Structures are given as structure tokens and as C-alpha cells.
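The values are calculated or read from the model by the stated rules, or taken from the named source; none is laboratory data. The model shown is predicted, which means the values in this text are computed figures rather than measured ones. Glycine gets a Cβ as well: all are built from the backbone with ideal geometry, and neighbour counts include every protein chain shown. Ligands, DNA and RNA are excluded from the accessible area calculation, which covers all protein heavy atoms including side chains. Shrake-Rupley method; radii C 1.70, N 1.55, O 1.52, S 1.80 Å.
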Amino acid sequence: LKKFEQEEYRIALKQVFLLAAGQVGLYDLERTKATDGRSLSEANARRQHLEALRAGTARIPGPRRPPALLEPEIARGGGTGLREGATTRNLLVKYGAWFHHRQSRGFSIEGGRLMVYKSTDKSASLQHSYNLAGAECVEEKKPGGPQDPPFEPGYNLRLKVTCLERNAGAMRLYCPDSKHARLWMQTAKMAKHLQSGDARLVLHNCIRRLAQSTRCKAWEALVYCGAALSRINLLVHQFGAHLELAYISRGWKKLDMVYRARCDKELMNLKHSREAARILAGEIGVLANSRERPLPSSAEQRQRIISWVQTAFRAFRDERAVDMRAVYSPVMQTLTNRAQSSVAMGIAFDALSCAEAIDLTFSKETKDVLQGIPEVVRPQKVSYSSKRVSLSMSHVKVSDCNSMLLFSDSTGGGWKGKERSEQDWMHFVRLSDISSVVLHSERVNSPGSA
């Protein structure tokens, strides 16, 4: 089980290295911006290989020995030829020297030599060993016509190898594909130049340097991918933490807003209480000063009332005289006449008593202070009717003395404003107590407009 886990770990690690090396190679090809067909086909092949590696369908090569050309030659003859890490055996066909009979064997190329086995089985014994340094290799393809000797079934490509050590004739090495044929041809050519140990050592060093550079690139790509994954994991963690704290932060913000609103409300109530206390203190001072003054005599009061009545009568007489001399059309009426004419409209009236108004206006502390001075909060005169009127149609007008706004209970059936008595106009509001007026109007087109 431990050996199996180690093998799985090696395969996973090799897959990671292959992915990193393939990605770096593809990056190098794309960076050169080559436009020739060979570079484009190689880039596409690398992309397909990377996709197969990611999907887990690509073949992961297992452990193998160093290149065959760098190994020492094995002893000729004897033994089974079976050793650890033995290469794959391919089909070799040769013909006898005397009777020219066909013989099928297995072969492998190791140490610059052609190793011929009894069969293609890995446990087959070694029969012969030929040096490829002086051998001649010719590529043969399966044509449409007859071939001597004929091709083996299932093969379309083979190599004709003629060795100096064999006098019986040429041997045919059958290739699974064109890639194997090209590699075997290159091996035979290199065997002519790598007969000495120094030459093989130089080639060994070159291959080691190439493998080391590729391994370094794979490590760099692996480190870069690991750093990128670490950054992504950190961002995902921060984003998740932010999402978890989003509701909490929203609740804290809401709590802070509510707390600030309540503080502002309490501060405003305190300001209003102080302002009301200041106004009440001024009123109390005015009342105290008025009580200290001596009351006017009855003759002085009579003279003041007569003067006020005469002044009001003169103003009323002059206004009536002007209205009687002028002939006005309904459109040319004065503002006073229009206001004193009743108009039917929808109204709603709600009145509060003095105690209710004080209870809604002042705070508890201020109301406690006002209970000790009832003469201050007691109304001096009636300024509005206390009866409430629900939403209904009614007639509204201004009183003849232009001091009150009058309105009736309802319009009734076919009633005109002039036909009612004074008892029908019992609802009123003093014009001097109206603090604001809001007008709602809409456009009225003339009869000639569309």
C-alpha cells in the first residue's frame, strides 16, 4: 500500500510538472508571435495536450532508464536479457541465408546497438546484438503494388537495416508510426558519431542540461501558479468575511441612525421647552407689570371705546359708499366683495381644546410649570368654534367685519348662500389666528382654446 501511494504521488507530481512545462512552452510560442504553419500546429498540439492533462485522459509516462545511447553495452549472448526498466519490444523480420525462410523476432535499440530477441515478449531471451555504427538504414513505405518481401499485416512503414556483422542479408524493422521511424533513423545516424565514451558523455551532459532547464521552468511555473492560487484563496477568504459581516455592519448603521435621530429629537424638545419657558416668563412679567399699573377711569374707558367705534364706522361707511357708487359686473367685483360672497367647496374642520393643545405642544416638565399659573394658559377670547366638521361640501365666506372666516354645516339641497340666517354660519375661525395658507390650483383653459 505504501508503494502504491508513492507511485500515485509520483504520477501526480509528474502531471503537475508536465502541465507547468507545457504552459511555459505554449507561452514561449505565443510570445514569439510566429506565423509559420509549423509553429501554429505545434501551439495547437500543445493546447490539446494541456487540455488532455487537465481532463486526466493524457498518458503519464512511468519511470524509465536514461537514454539507450548513454548506457554501457551489455554482454553478448547468454541470459534472458530481462532487466529492470526494459524497453518495449517491436517486430523485426529477417530471412535465412540458405533457405531464405522467414523469421519474426523482437528488437530494441540500446547503447547504440540493435538488440534482437527471440520474440516481442519482454521475457524473451536475447539472440543477437548488432552495432549500428556501420549499419545502413533505409525507410520503406507500403505502396499500392506488390512488395518484396511483403509487408506484415497492420504495418505501413518499416526500416531496412543492413548490418556489417550479419552476412545473411537485411533485416526489416516495422514501425508503429512515422514518429518511431524518425527516431530510429536518428539513433542510427548518431551511433556513427557516438562510438567513444567521451562523445556519449558530452551528449549525456547536453541532455542533462536540457532536462534541468525544463525542470527549472516547470518549478518556476509551479511557484507562480501556487502564488496565484494563494492570492485567490486570500481574496475569497476576505470576500467571504465581508459577506458575513455585511448584515452586522448594516445593523450597526441602522442602530447608529436611530440613536442619532432620538438624540436630535430630545435636543429639539429641550430647545422648545426652554423657548416656551422663556416666552412664558416674558408673559408673566408683562402680566405683573400690567397689574401694577393703575386702572383707567370710567370716563377714559368710555372715551376710548367711542373713538374706536367712530373710527371703525367711518372706515366701514367709506367702503360701503364706494361699493354703492360703482357698478360692478360679477367679474369686476372687488376682493372684499368676493371674499364676503359665499362659495361652495369641500371642507373638513377639526378643533382642539386649549388643554389638548397644551398637552400636544409642551413637554411634561413645562406642563407641570404651567399648572401653577392657570391664568397664563387660559384663553382671553374665543378665536374659533369648537365643533368639528367632517369632510363635506359647505359654503365658505368672510364676515362683514373682515375678521372671521365663516362656513356652514353643509350645502343642503338647492340652498343659496344669501337665503340662510346668521345661525347657519356658526362655524368660524379668526383670520388673525391663521398662520399659513396653502393654495392648490390647476390650469383652466379659456372657452376658445383646444
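Can you spot a residue in the stretch 90-97 that is polar (S, T, N, Q), modelled with pLDDT of 80 or more and not in a strand (DSSP E or B)? No, the stretch 90-97 has no match at all. Of the candidates 84, 30, 51, the single residue that is of a type outside the set (Phe, Trp, Tyr), outside any loop (DSSP other than H, G, I, E, B) and modelled with pLDDT under 80 is 30. Just to be sure before I move on: is residue 358 within 60 Å of the chain's Cα centre (by Cα) and at pLDDT 80 or above in the structure I sent? Criteria not met by residue 358. Of all the residues in the stretch 149-176, those that are within 15 Å of residue 191 (Cβ to Cβ) and open to solvent by 30 Å² or more (accessible area, probe 1.4 Å) number 3.
Would you say residue 217 is open to solvent by 30 Å² or more (accessible area, probe 1.4 Å), among the basic types (Lys, Arg) and closer than 26 Å to residue 103 by Cα? Full working, then the answer.
On the way: open to solvent by 30 Å² or more (accessible area, probe 1.4 Å): yes; among the basic types (Lys, Arg): yes; closer than 26 Å to residue 103 by Cα: no.
The answer is no for residue 217.
Residue 126 meets the conditions (1) touching a helix residue (DSSP H, G or I) at 6+ places or on another chain (Cβ under 8 Å); (2) at pLDDT 85 or above in every case but one. The failed one is (1). Within the stretch 184-201, the only residue that satisfies the criterion of being open to solvent by 80 Å² or more (accessible area, probe 1.4 Å) and of a type in the set (A, V, I, L, M) is 201.
Against the test of being at pLDDT below 90 and open to solvent by 90 Å² or more (accessible area, probe 1.4 Å), the options 204, 242 yield a single qualifying residue, 242.
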